[in-house]
Amino acid sequence: MGKQDSAVTASNLSFDDFKKIVLNDFKLANESRQASLLGRKEVLTGKAKFGIFGDGKEVAQIAMSKVFKNGDFRSGYYRDQTFMFAINALSVKQWFAGLYGHTDMHYEPMSAGRQMNGHFGTHSLNADGTFKNLRDQKNSSADISPTGGQMPRLLGLAYASHFYKINKDLHEAPFSNYSNKGNEVAFGTIGDASTSEGLFWETINAAGVLQVPMLMSVWDDGHGISVPKKYQTTKESISEVLKGFQRENGKKGFEIFKTKGWDYPHLCETYEKAIKVCREEHVPVLVHVEEVTQPQGHSTSGSHERYKSKERLQWETDIDCVKKMRDWILDNALANEEELNKIEEDAKEAVKNAKTEAWSDYLHPIKSEMAEVCALFDEIGGEEILAVKNQILSIKEPIRKDIHSAIKSVLRFTINNYTPARQKLIDWLQIARIENDERYSSHLYSESARQVQNISAKDVVYNDDKLMDGREILRDNFDAILKKYSEVMIFGEDSGKIGGVNQGLEGLQLKYGEHRVFDTGIREATIMGQAIGLAMRGLRPIAEIQYLDYLLYALQIMSDDLATLQWRTKGMQKAPVLIRTRGHRLEGVWHSGSPMGMIINACRGINICVPRNMTIASAFYNTLLESDEPALIIEPLNAYRLKEKQPGNFGEYKVALGIPEVINHGTDVTLVTYGSSVRIAQEAIKNLEKYNISVELIDVQTLIPFDIKSSLVESVKKTNRLVVLDEDVPGGGSAYILQKIVEVQSGYKYLDSAPVTIASKEHRPAYGSDGDYFSKPNTDDVFDVIYNLMHEVNPQSYPDIY
Ligand SMILES: Cc1ncc(C[n+]2csc(CCOP(=O)(O)OP(=O)(O)O)c2C)c(N)n1
């Protein structure tokens with residue numbers, strides 16, 4: 001693929017150089033188109049499962065690629081194959097490897113077969129998980145499928161340039177490896193229909209407010225699958241409706257450009273103008289690319305003849321960007337028919353060859369595994385085994401599933417046959433299982449030296465018995481963090497000027513400046529995206545979501561983007577974001593929620609810390625800043641004004657993640673809980689002691705990772721009774737904990753009574769102290785459940801109370 005590094009509008013080019021660039025662009029447009037055409041065939045003939053292509057968007061993307069420089073970042077969507085070819089981040093052969101789902105990163109560098117085709121990304125990390133020099137390469141953050149989901153992260157990628165520009169402390173190594181003083185632009189792409197998503201609007205507004213170098217392109221092909229613009233966009237034009245965002249009369253805003261997807265020279269000119277404003281002035285820019293087509297329809301899942309009129313289809317053929325570029329080249333005598341025919345023929349040939357090679361590379365390891373297994377089948381021998389062997393050998397395009405199912409059949413046929421040959425097959429399967437785990441399940445969490453598991457605890461040092469409010473402990477610890485790490489910034493609603501609604505950041509903006517501790521608009525999804533983009537560019541954001549109940553606005557991005565990032569890139573990108581929030585219990589429906597089951601299940605890939613007090617909460621920040629993993633830290637909302645002992649070594653003490661703490665030793669019942677429920681449990685235990693019931697109380701401290709040393713079952717071995725307490729709905733967080741202890745840690749073997757969970761009511765917590773008492777588990781509930789458990793065991797010693 002030719003590198004697209006010079007603009008067609010550059011006036012200082014010789015005619016020959018200019019011609020060379022144009023023809024190279026035409027070649028690339030043809031290659032990309034051929035890839036789309038052949039790609040569709042590969043799906044329709046069954047070699048690939050699904051295909052979504054960039055046909056119709058080739059020329060616009062070539063124009064955009066010309067202004068994309070080293071250090072810049074893309075956050076886009078599945079149509080951008082031509083752009084990725086143009087910046088040399090992907091070859092056609094690799095693109096086909098993605099279509100087939102080749103699991104070898106060397107062949108399929110986008111996701112090693114984990115994502116469907118059209119989900120692009122570059123490698124930000126070395127194999128050991130450390131950052132590469134992002135400044136010397138062209139970068140693309142890893143795509144996700146939810147339409148508009150690329151937008152919040154785009155804001156952060158652009159905001160990082162702003163942060164690097166104003167934070168002079170980061171103009172030296174190692175940070176100068178990530179940014180050249182903030183000179184980089186974040187390029188966004190989106191389809192016109194996806195601009196209907198709230199995430200698009202939230203991001204656009206935030207980018208206008210923040211004045212970040214974000215160059216947003218909308219590929220407007222008039223449809224979102226089958227639904228036309230009239231159902232998507234007011235006035236059927238995104239640039240029309242965004243006119244109010246246009247900067248004017250000294251008022252900051254966006255610069256808005258319009259161009260057409262088939263107009264090669266105008267596209268190139270537009271992007272040159274756009275990048276100048278964006279890069280030099282740090283002004284966000286919108287490029288609305290209209291009259292874009294979709295020659296093969298949305299994807300391989302259907303045909304566009306079902307919803308486009310004959311006239312529309314004809315119009316799309318007439319204005320096809322590759323065809324129009326060809327006409328323009330001929331009109332301007334840059335090449336003749338013959339030259340262009342040759343380029344087209346060569347493109348066809350090159351793409352066909354790339355496809356054939358990619359397919360053979362994809363099949364090769366599978367076929368050799370097949371050969372190994374067939375040889376093992378031969379060693380076992382027998383008619384039934386031979387039949388299985390012949391059956392898999394007859395599969396023209398085998399996949400690993402075929403091989404594994406065949407092995408399982410053979411092992412079933414030979415169930416009582418303990419021969420060395422059969423054992424060899426079992427051994428082969430074990431090794432293959434490990435390999436497939438690595439292929440599909442590695443890198444959900446960091447596998448670098450800085451993974452959370454490698455960060456050990458460090459004790460709090462107390463100089464005296466002085467007490468202080470919980471919020472002051474957080475504040476003084478954040479103070480130490482901001483001093484220690486110039487790459488840390490803390491932001492959220494009310495986090496800046498007033499230092500947070502609970503004063504955990506009191507005075508820190510004044511001390512460290514508005515760029516380190518700052519307010520944001522009320523926009524949880526893009527607070528999350530802002531943090532993701534910052535972290536992807538080597539910074540350490542602490543993003544604040546004001547209350548746990550409002551995390552729901554950001555949960556989709558946390559779940560789809562942040563939680564999957566390391567996994568979906570097989571460890572080639574990371575975003576060690578720390579999310580600070582507060583919750584579990586205070587007042588009213590939306591300041592008392594504790595939807596932990598929902599969060600844990602949506603966010604595998606993110607550490608979830610549930611400290612019971614602010615000393616532990618602050619220790620988690622210290623631990624996590626030494627690691628390179630993302631985490632959510634839920635500060636207990638009702639503990640900001642509670643007194644705790646004053647630590648002497650702020651910024652230093654750490655708690656290891658995944659290590660529960662035994663708070664009360666006991667012998668009758670194991671009570672497992674976390675967060676604000678710990679205090680409820682402690683009160684109940686005091687009462688239970690009066691009735692000679694001894695409870696072992698354990699705070700799990702983190703839900704992800706969960707009890708990495710399986711310590712909880714040790715307590716159950718001793719007490720033989722298990723109660724799990726939390727404030728989530730029944731079957732939520734408590735069920736998660738129960739499954740871990742009873743099933744994963746085999747706790748069921750040691751239980752003499754049925755395990756019990758104590759949770760909230762199914763509805764949201766009602767207002768007021770009585771609302772709390774009757775909605776959430778309280779000390780009386782905990783007392784009753786544990787007492788009744790003991791009554792069941794020994795009614796004489798523990799008679800019925802009522
Ligand atoms: C949140 C979400 N809703 C629905 C979909 C299914 N979907 C995939 S692509 C698409 C249409 C997008 O249209 P547009 O943004 O115009 O991009 P185009 O495909 O036309 O380039 C839809 C509805 C999705 N991926 N994500």
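The values are calculated or read from the model by the stated rules, or taken from the named source; none is laboratory data. Remember, it's a predicted structure, so these values are computed and weren't measured experimentally. Glycine gets a Cβ as well: all are built from the backbone with ideal geometry, and neighbour counts include every protein chain shown. Protein only, heavy atoms only, side chains kept; ligands, DNA and RNA dropped before computing areas. Shrake-Rupley method; radii C 1.70, N 1.55, O 1.52, S 1.80 Å.
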Acute angle (nearest 10 degrees) that the helix 383-393 long axis makes with the longest principal axis of the chain, alpha-carbon atoms: 50 degrees
May I ask for the angle, rounded to the nearest 10°, between helix 337-380 and the longest principal axis of the chain, with both axes built from Cα atoms and the value confined to 0 to 90°? 40 degrees
Students often check this: by mean Cβ neighbours within 10 Å, which of 367-374, 58-65, 212-219, 85-92 ranks highest, and how do the rest follow? 58-65, 212-219, 85-92, 367-374
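Rounded, prolate or oblate: which one fits region 535-689, using the alpha carbon gyration tensor with axes a ≥ b ≥ c (rounded when a/c is under 1.5, else prolate when a/b beats b/c, else oblate)?
Working: a/c = 1.80, a/b = 1.56, b/c = 1.15.
Prolate.
Which shape class applies to region 671-802: rounded if a/c is under 1.5, otherwise prolate when a/b exceeds b/c and oblate if not, where a ≥ b ≥ c are the square roots of the Cα gyration tensor eigenvalues? If you can, show how the numbers build up before the last one.
On the way: a/c = 1.76, a/b = 1.06, b/c = 1.66.
Note, shape of region 671-802 comes out oblate.
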Listed highest first by mean packing, meaning other Cβ atoms within 10 Å per residue, what order do 322-332, 32-42, 515-525, 298-308 come in? 32-42, 515-525, 322-332, 298-308
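Do the sum for the chain: with -39,500 (n - 2.57) for every DSSP H run of n ≥ 4, divided by all residues, what is the mean residue ellipticity at 222 nm, to the nearest 500 deg cm²/dmol?
Numbers: 26 runs with 324 residues, N = 802.
That comes out to -12500 deg cm²/dmol.
Multiply the residue gap between N794 and I659 by 0.36 nm, knock off their C-alpha separation, and tell me the result in nm, one decimal place. All intermediate terms of the calculation are to be shown ahead of the outcome.
Values: separation 135, 0.36 × 135 = 48.60 nm, distance 3.32 nm.
Result: 45.3 nm gained on full extension.
In a shell of Cβ-Cβ distance under 15 Å around G46, excluding G46 itself, what net charge do Lys and Arg (+1) and Asp and Glu (-1) give?
On the way: positive: R40, K41, K47, K49, K355, K396, K401; negative: E42, E397, D402.
Combined, the nearby Lys, Arg, Asp and Glu give +4.
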With a cap of 14 neighbouring Cβ atoms within 10 Å, and only residues DSSP puts in a loop, list the trypsin sites (Lys or Arg not before Pro) found in region 556-607. R604
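For N88 and K251, what does the FRET efficiency come to when R0 = 30 Å and r is the distance between their Cβ atoms, rounded to the nearest 0.05?
On the way: r = 40 Å, r/R0 = 1.32.
About 0.15, to the nearest 0.05.
Averaged per residue, what accessible surface does region 394-489 expose to a 1.4 Å probe, in Å²? Don't skip to the answer; put the middle values down first.
On the way: 5530 Å² over 96 residues.
The answer is 58 Å² per residue.
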In nm, the gap between the two label points placed 7 Å beyond Cα toward Cβ at Y773 and K230 is 6.1 nm
Pull up the cross-link candidates among the aspartates and glutamates for K709, meaning alpha carbon to alpha carbon under 19 Å and not fewer than 8 places away within one chain. E447, E661, E696, D699, E743
Accessible surface, region 738-802, averaged per residue in Å² (probe 1.4 Å): 60 Å²
Over 32 Å (Cα to Cα) among K20/K252; K252/K308; K93/K324; K273/K310; K654/K718; K251/K323 -> K20/K252; K252/K308; K273/K310; K251/K323
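Which percent, nearest 5, of DSSP beta bridges in region 651-802 are antiparallel?
On the way: 3 of 14 bridges.
Close to 20 percent.
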If R₀ is 22 angstrom, what is the calculated FRET efficiency for the pair L510 and K168, using the beta carbon separation as r and rounding to 0.05? 0.70
If you project the alpha carbons of region 290-339 onto their three principal axes, what span does each projection cover, largest first, in Å? 39, 21, 19
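Find how much the distance from S303 to N687 grows on full extension, using 0.36 nm per residue of separation minus their present alpha carbon separation; answer in nm with one decimal. Write out the running numbers ahead of the final one.
Numbers: separation 384, 0.36 × 384 = 138.24 nm, distance 6.93 nm.
Gain on extension, S303 to N687, equals 131.3 nm.
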Please report the Cα spread of region 522-578 along all three principal axes, rounded to whole Å, starting with the longest. 31, 20, 13
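Determine, from the Cβ-Cβ distance of E587 and S368 and an R0 of 51 Å, the FRET efficiency 1/(1 + (r/R0)^6), rounded to the nearest 0.05. Before the final figure, lay out the partial values.
Numbers: r = 64 Å, r/R0 = 1.26.
The calculated FRET efficiency here is 0.20.
Determine the order of I415, I190 by accessible area, beginning with the largest, at a probe radius of 1.4 Å. Show your work: numbers first, answer last.
On the way: I415 105, I190 0 Å².
Final ranking, largest accessible area leading: I415, I190.
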Restricting attention to the alpha-carbon atoms of region 286-428, what are Rg (one decimal) and Dmax (integer), both in Å? 26.4, 79
If each of I801 and Y440 carries a label point 7 Å out from its Cα toward its Cβ, how far apart are those two points in nm? 5.0 nm
Evaluated at q = 0.16, 0.23, 0.28, 0.32 Å⁻¹: base-10 log I(q)/I(0), Debye formula over Cα of region 179-219: -0.45, -0.80, -1.02, -1.14
Taking the convex hull of the Cα atoms, report for region 140-205 its projected area averaged over all directions, in nm². 4.9 nm²
Any idea of the accessible area per residue across region 164-308, 1.4 Å probe, to the nearest Å²? 41 Å²
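Quick check: from the Cα gyration tensor, does the chain come out rounded (a/c under 1.5), prolate or oblate? Don't skip to the end; give the middle numbers.
Details: a/c = 2.28, a/b = 1.39, b/c = 1.64.
In terms of gyration-tensor shape, oblate.
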Spatial extent of region 1-142: Rg and Dmax, with the Cα atoms as the point set, Å: 15.7, 50
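Give me the orientation-averaged projected area of the Cα convex hull of region 494-600, in nm², one decimal. Let's see the in-between values first.
On the way: hull surface 28.5 nm².
Projected over every direction and averaged, the Cα hull of region 494-600 covers 7.1 nm².
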Can you tell me what share of the DSSP beta bridges in the chain is antiparallel? A percent to the nearest 5 is fine. 20 percent
So how tilted is helix 470-484 from the main axis of the chain? Cα-based, degrees 0 to 90, rounded to 10. 40 degrees
Rough spin-label spacing in nm, given labels placed 7 Å along Cα→Cβ, for K348 and D494: 6.7 nm
What does the extension gain come out to for N133 and E240, with contour length at 0.36 nm per residue minus their alpha carbon separation? 34.6 nm
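Which percent of the accessible heavy-atom area of the chain goes to carbon and sulfur, probe 1.4 angstrom?
Values: 16070 of 31830 Å².
Here carbon and sulfur together make up 50 percent of the probe-accessible area.
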